[in-house]
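Participant: Let me give you the structure first, and then I'll get to my questions.
Each reported figure results from applying straightforward, stated rules to the coordinates on display, with no laboratory input. Here the structure is a predicted model, which is why all the values come from computation and not from measurement. Here the Cβ positions follow ideal geometry from the backbone for every residue, glycine too, while neighbour counts run over all protein chains shown.
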Amino acid sequence: MALVEATWKFGDRLLFLTSPNLRGDDVAELQSRLGRLGFDCGRVDGILGPRSARALADFQSNCGMPADGVCGPDTVRTIMRVSSQTGNGPGVSAVRERERLMEGLGAMSNCRIVIGQFGGLSALVRTLSRELRTRGASVMPLDEPDAVAQAIVANQFAAHVYVGFEATTDAVAVAHYYKVPTFESVGGRTLAELLAGELKGMPGLEPSVSGMRLPVLRETRMPAVLFTLGPVRAATDAAPQLAAAVLRALELWILRAT
């Protein structure tokens with residue numbers, strides 16, 4: 001799927017709102033250019049959804065063009081011409097995400113949190129979910145094996161944050177957050193770094209942080225982290241300690257300013 005999406009270059013085809021949504025690197029470039037111009041498409045995920053369609057129509061209206069929400073040759077030329085002077089900034093979506101994080105969520109009791117896992121780490125998810133609920137958070141645990149299905153549920157739940165766990169047979173501990181060449185989730189990166197910091201002192205773990213375009217991180221609409229952890233037996237045995245470390249990271253993320 002990633003290879004197919006990468007074949008599309010900006011201007012190769014008409015871009016407009018469809019069901020299912022159009023996907024591709026051309027959509028990502030449209031979102032990135034509109035974002036740097038101040039038209040909020042949301043995160044640069046290469047998915048042309050309603051928010052991107054509205055931003056496109058707003059751009060057309062501001063440029064005196066028919067606001068039909070269709071990115072054809074005339075709109076492409078206008079975007080290319082106008083955006084050539086915008087530089088390579090993060091775009092309005094990243095700036096707004098940073099502002100929301102600086103405002104903070106106030107307290108754990110104000111938060112809706114989705115905790116997902118993709119097999120082998122149910123003990124960790126149960127322990128973490130229980131501890132979060134004792135602190136007043138609204139928690140939805142998920143063990144759906146399909147990453148996109150988990151993301152859809154998290155979006156419908158209007159979660160403030162998603163934390164997923166992926167088991168592996170290798171001795172690794174990597175906190176992934178959403179990142180592509182033209183965009184990164186500020187909230188996801190901050191949480192991933194906090195998670196790695198809290199886990200650094202645990203025996204046998206050398207946690208690291210990595211920005212990637214993984215399905216569950218791409219499809220979620222809130223800051224999200226997918227933590228790849230292994231080996232499974234060691235992670236299961238250390239579930240209480242791991243849950244405590246993740247809980248501390250979430251508390252810091254919710255309370256601190258970026």
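Participant: Expressed as a rounded percentage, what relative contact order does segment 188-258 have, with Cα pairs under 8 Å and six or more residues apart? Show your work: numbers first, answer last.
Facilitator: Working: 43 pairs, mean separation 33.0, N = 71.
With pairs under 8 Å counted, the relative contact order is 46 percent.
Participant: Within a 10 angstrom radius of the beta carbon, how do S185, S129, S84, S19 rank from fewest other beta carbons to most?
Facilitator: Values: S185 27, S129 18, S84 9, S19 6.
Ascending number of Cβ neighbours within 10 Å: S19, S84, S129, S185.
Participant: Using the Karplus equation 6.51 cos²θ - 1.76 cosθ + 1.60 (θ = phi - 60°), what ³J(HN,Hα) coupling, rounded to whole Hz, does each residue of segment 198-206 give in order, writing x for Gly and Pro?
Facilitator: 6, 8, 4, x, 7, x, x, 10, 10
Participant: Need one number: % antiparallel among DSSP beta bridges in the chain, to the nearest 5.
Facilitator: 30
Participant: Taking amide H positions as placed in the peptide plane 1.01 Å from N, state which residues far from M140 in sequence (5 or more) or on other chains have amide H under 5 Å from it.
Facilitator: Here the answer is I113, V114, I115, since their amide H atoms fall under 5 Å of that of M140.
Participant: Hey, another quick one. List, in order, the whole-Hz ³J(HN,Hα) value for each residue of segment 72-77 obtained from phi through the Karplus relation with A = 6.51, B = -1.76, C = 1.60 and θ = phi - 60°; use x for Gly and Pro.
Facilitator: Listing the rounded values in order: x, x, 5, 5, 4, 4 Hz.
Participant: Right, next: For T18 and A244, FRET efficiency with R0 = 30 Å and r from the beta-carbon atoms, rounded to 0.05? Walk me through the numbers before you get to the answer.
Facilitator: Numbers: r = 46 Å, r/R0 = 1.52.
It comes to 0.05.
Participant: Work out, in µm²/s and without decimals, the Stokes-Einstein translational diffusion coefficient of segment 1-126 at 10 °C, 1.306 mPa s, Rh from Kirkwood over C-alpha pairs.
Facilitator: So the translational diffusion coefficient is about 97 µm²/s.
Participant: Would you kindly state how much longer the chain becomes between E206 and V148 on full extension, computed as 0.36 nm times their sequence separation minus their alpha carbon distance, in nm to one decimal?
Facilitator: That pair, E206 and V148, stretches by 18.0 nm at full extension.
Participant: If amide hydrogens are placed 1.01 Å from N in the peptide plane, which non-local residues have theirs closer than 5 Å to the one on H176?
Facilitator: S210, L226, F227, T228
Participant: Under the Karplus relation 6.51 cos²θ - 1.76 cosθ + 1.60, θ = phi - 60°, what is the ordered set of whole-Hz ³J(HN,Hα) values for segment 159-167, x standing for Gly and Pro?
Facilitator: 5, 7, 7, 10, 10, x, 10, 10, 7
Participant: Give the calculated FRET efficiency between T168 and N110 to the nearest 0.05, with a Förster radius of 45 Å applied to their Cβ-Cβ distance.
Facilitator: It comes to 0.85.
Participant: Let me ask something additional. Pairs of Cα atoms under 8 Å, at least six residues apart: use those to get the relative contact order of the chain, whole percent. Mind showing how you got there, number by number?
Facilitator: On the way: 496 pairs, mean separation 48.0, N = 258.
Computed over the chain, the figure is 19 percent.
Participant: For the chain, what's the radius of gyration and Dmax over Cα atoms, in angstrom?
Facilitator: Both quantities, over Cα of the chain: 19.5, 62 Å.
Participant: Please give the length that would be gained between R133 and A6 if that part of the chain were fully extended, namely 0.36 nm times their separation in residues minus their C-alpha to C-alpha distance (nm, one decimal).
Facilitator: Length gained between R133 and A6: 41.6 nm.
Participant: Express in nm, to one decimal, how much length is gained between V95 and C63 on full extension, taking 0.36 nm for each residue of separation and deducting their alpha carbon distance.
Facilitator: Fully extending the segment from V95 to C63 adds 9.2 nm.
Participant: Additional query: Whole percent per 10 Å bin, from 0 to the bin with the longest distance: what is P(r) over all C-alpha pairs of segment 111-242?
Facilitator: Each 10 Å bin holds this share of Cα pairs: 14, 46, 36, 4.
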